[in-house]
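A quick write-up on the structure given underneath.
The values are calculated or read from the model by the stated rules, or taken from the named source; none is laboratory data. Quick caveat, the model's predicted, so the values are computed rather than measured. Counting neighbours? That spans all protein chains shown, and the Cβs are built from the backbone with ideal geometry, glycine included. Note: areas computed on protein heavy atoms with side chains; ligands, DNA, RNA excluded. Shrake-Rupley method; radii C 1.70, N 1.55, O 1.52, S 1.80 Å.
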Amino acid sequence: MDRPDGVGAGRRLLSGSVADQLLGPLLARCTFPPPGSSVTCAVSGGPDSTALLVLAVAAGCRVTVVHVDHGLRTGSEVEVDVVRSAATRLGGDIEVVAARAPVDPGPNLEARARAARYAALPEDVLTGHTMDDQAETVLLALLRGAGLDGLAGMRPDRRPLLGLRRSETVALCEGLGLTVVDDPTNADPTHRRNRVRHEVLPLLDEVADRDVARLLARQAELLRAEADHLDELAAEVDPTDVAAVRSLPLPVARRALRRWLRTGAPPSSADVARVLDVVHGRCRATEVGGRRVTRSDGRLRIEGSETDGPRC
């Protein structure tokens, strides 16, 4: 009798008419690197990340799995066993790395957990974000008042499943008989993303009488192309040259100054507007994030901290 593990078992799981019907159409909409490429997949054990693992193997990639446990839920430490089981069924040569990234309870738990998770993962990790995640991200950016970059959503570079729907990842795991983790926090209405997922998007679908998630994902793709074009134009400009910045169309000038001012989190639109006041001579200096931006001899300069003197 064949054992349900090892490379042979993985090939059997991903072969046959049922697997072909499930995998073929999905892979055509994924953006994995060429067969034989080494990739690391972040796999929590949920249907999206488990589908990521399945499709990466089906795409012919050499896969390493990293599972991150934040220790926020009772029993979460055993979820890595679900991931190991899926990896074993897909191929005995898949390494599963278990990482811990504790996060203390407190405000903005989602954001802090996400930061801790990415700190524990390699920079080139692939994640299982889907088109539905993209739509939620765009709406959340809109609610924050984000500009073009926020509305452009997540970049597809390390997210090969952005062309798939969440319903499809669930169906894939069910069709292959793979056990997945049910994370109860995904239904917790105290998290804003969950309310957007379970309340806002269904209502928008009803009001618009169309699939709004697909619409938002397409809009993000278009806006991302425009953001990239503005970045290319802004990169050609010396943002400290006052005359050069004055000559730019306003969207490009904003972009150039934003790139120059950024030290971590991007400066706010109000910060950039004040620096534009300095550029156009409406004031001589302003303060941005504890630093002083001044103009003299046709150049902008950043001083380490705010000093006395006129400012916007």
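Structural remarks
- Ranked from largest, the principal axis spans of the Cα set of region 76-228 equal 45, 37, 33 Å.
- Rh (Kirkwood; distinct C-alpha pairs) - the chain, Å: 22.2 Å
- Listed residues P239, V252, P33: farthest to the positive end of the dipole of the chain (Cβ charges): P239
- 19 Å tail of the calculated P(r), region 194-312, as % of Cα pairs: 56 percent
- Most to least packed among 126-136, 285-295, 47-57 [average Cβ atoms within 10 Å]: 47-57, 126-136, 285-295
- Rounded to the nearest 500, the 222 nm mean residue ellipticity of the chain from helices alone is -14000 deg cm²/dmol, with -39,500 (n - 2.57) taken per DSSP H run of at least 4 residues.
- By accessible area, using a 1.4 Å probe on protein heavy atoms only, region 70-216 has 52% of its surface on carbon and sulfur.
- With DNA, RNA and ligands ignored, accessible area of H67 (1.4 Å probe; Å², nearest 10): 10 Å²
- Magnitude of the charge dipole for region 81-141, about its Cα centre and with charges confined to Cβ atoms of Lys, Arg (+1) and Asp, Glu (-1), is about 200 debye.
- Annotation: amide H of L300 within the under-5 Å range of D241, V242, sequence separation 5 or more or interchain, hydrogens built in the peptide plane.
- Directionally averaged shadow of region 108-195, computed from the convex hull of its alpha-carbon atoms, nm²: 6.7 nm²
- Other-chain or far-sequence residues with amide H under 5 Å of V97's (modelled H): V65, V66, H67
- Extreme residue, positive dipole direction of the chain, given options S85, V207, L172 (C-beta unit charges): V207
- Gained length - D93 relative to R291, 0.36 nm times residue gap less alpha-carbon distance: 66.1 nm
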